[in-house]
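Input: a single structure, listed below in structure tokens.
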Amino acid sequence: DTGVSQNPRHKITKRGQNVTFRCDPISEHNRLYWYRQTLGQGPEFLTYFQNEAQLEKSRLLSDRFSAERPKGSFSTLEIQRTEQGDSAMYLCASSPSFSLTQETQYFGPGTRLLVL
Amino acid sequence: AQKITQTQPGMFVQEKEAVTLDCTYDTSDQSYGLFWYKQPSSGEMIFLIYQGSYDEQNATEGRYSLNFQKARKSANLVISASQLGDSAMYFCAMREGFGTGTSLTVIP
């Protein structure tokens, strides 16, 4: 399977703990995106990378959130000192295009986080 | 900034009928793209169709077509010959974000 993969698929943690999610994009896709989706809502943009460079960060991405994409391949999203409000589905997507307009994004299955 | 508005929280359609899901957008960009995604209850986000702002023809992909009206800033999704498997959430999106979605239920 050459689609976008995310690990873990589910994560339950206690408030205050740190969590890290991993995303492996489709091979050779140069753009990678992170979104957060809460129940009944559309995905909210968090950040995106072109290769290893983090080009844009949403104001939703507080200083407790950090994302990396070393070597322009897989990416990690870390949440420090988790809060109950962080409970959501975290979606990763990748895109092959250099064009700012035609950016068909291929999504992974998501990581569902529950903070107790 | 780009903004997407979907005003239909839920829609019902009879199997084999066509249905239109509304999407309006706002952007100051001269060149932009519009996307539609389907999200079934299983959670995965599935790309359906893309429309570029300079494309002269409305996009079509199988049973999906996009009714693009640039002057009105609308990009409605038309699903023809609805099937039970079309029941899902549908999201209109631009590069900077997604709409709130429309829940489509296909009735047998």
Within segment B:81-108, restricting to residues that are in a loop (DSSP other than H, G, I, E, B) and over 13 Å from the mean Cα position of the chain (by Cα), the one that is farthest from B:Asp22 (Cα to Cα) is B:Pro108
Looking at A:Gly85 and the list (1) in contact (Cβ under 8 Å) with a residue 60 or more places away in the chain; (2) open to solvent by 10 Å² or more (accessible area, probe 1.4 Å); (3) more than 13 Å from the chain's Cα centre (by Cα), which single condition is not satisfied? (1)
List the number of the failed condition for B:Ser42; all other conditions in (1) modelled with pLDDT under 95; (2) open to solvent by less than 10 Å² (accessible area, probe 1.4 Å) hold. (2)
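Per-residue answers, yes or no, for (1) surrounded by 15 or more Cβ atoms within 10 Å (Cβ to Cβ); (2) touching a strand residue (DSSP E or B) at 6+ places or on another chain (Cβ under 7 Å); (3) on the phi > 0 side of the Ramachandran plot:
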| position | (1), (2), (3) |
| --- | --- |
| B:Ile4 | yes, yes, no |
| B:Lys16 | no, no, yes |
| B:Lys38 | yes, yes, no |
| B:Ile49 | yes, yes, no |
| B:Phe68 | yes, yes, no |
| B:Arg95 | yes, yes, no |
| B:Thr100 | yes, no, no |
| B:Pro108 | no, no, no |
Look at B:Tyr64 and say whether it is in contact (Cβ under 8 Å) with a residue 60 or more places away in the chain, at negative phi and within 10 Å of the chain's Cα centre (by Cα). no
Quick one: count up the residues across segment B:68-80 that are in a strand (DSSP E or B) and among the hydroxyl-bearing types (Ser, Thr, Tyr). 1
When you scan segment B:71-91, do you find a residue that is among the charged types (D, E, K, R), within 30 Å of A:Glu56 (Cβ to Cβ) and within 14 Å of chain A (Cβ to nearest Cβ), even just one? no
If we scan segment A:46-54, do we find a residue that is under 13 Å from A:Tyr90 (Cβ atoms) and either modelled with pLDDT under 90 or not β-branched (Val, Ile, Thr) (or both)? yes
List the pairs whose first member sits in segment B:29-46 and is within 9 Å of another protein chain (Cβ to nearest Cβ), whose second member is open to solvent by 60 Å² or more (accessible area, probe 1.4 Å) and at pLDDT 95 or above, and whose Cβ atoms are under 9 Å apart, counting only residues at least 6 apart or on separate chains? B:Gly43/A:Arg112
What is the one condition in (1) open to solvent by 50 Å² or more (accessible area, probe 1.4 Å); (2) farther than 22 Å from A:Asn7 by Cβ that A:Glu78 does not satisfy? (2)
Candidates A:Glu83, A:Glu44, A:Glu56, A:Glu52, filtered to the one that is within 11 Å of chain B (Cβ to nearest Cβ) and either of a type in the set (S, T, N, Q) or in contact with a Lys or Arg (Cβ under 7 Å, 6 or more places away or on another chain) (or both): A:Glu44
For residues that are crowded, with 16+ Cβ neighbours inside 10 Å and either under 10 Å from the mean Cα position of the chain (by Cα) or closer than 27 Å to B:Thr100 by Cα (or both), tally how many sit in segment A:1-18. 4
Any idea how many residues of segment A:27-55 are open to solvent by 10 Å² or more (accessible area, probe 1.4 Å), under 25 Å from B:Gly99 (Cα atoms) and among the aliphatic types (A, V, I, L, M)? 2
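The values are calculated or read from the model by the stated rules, or taken from the named source; none is laboratory data. Since we're looking at a predicted model, the values are computed, not measured. Glycine also receives a Cβ, built like all others from the backbone with ideal geometry; neighbour counts cover every protein chain displayed. Heavy atoms of the whole protein, side chains included, go into the accessibility calculation; ligands, DNA and RNA do not. Shrake-Rupley method; radii C 1.70, N 1.55, O 1.52, S 1.80 Å.
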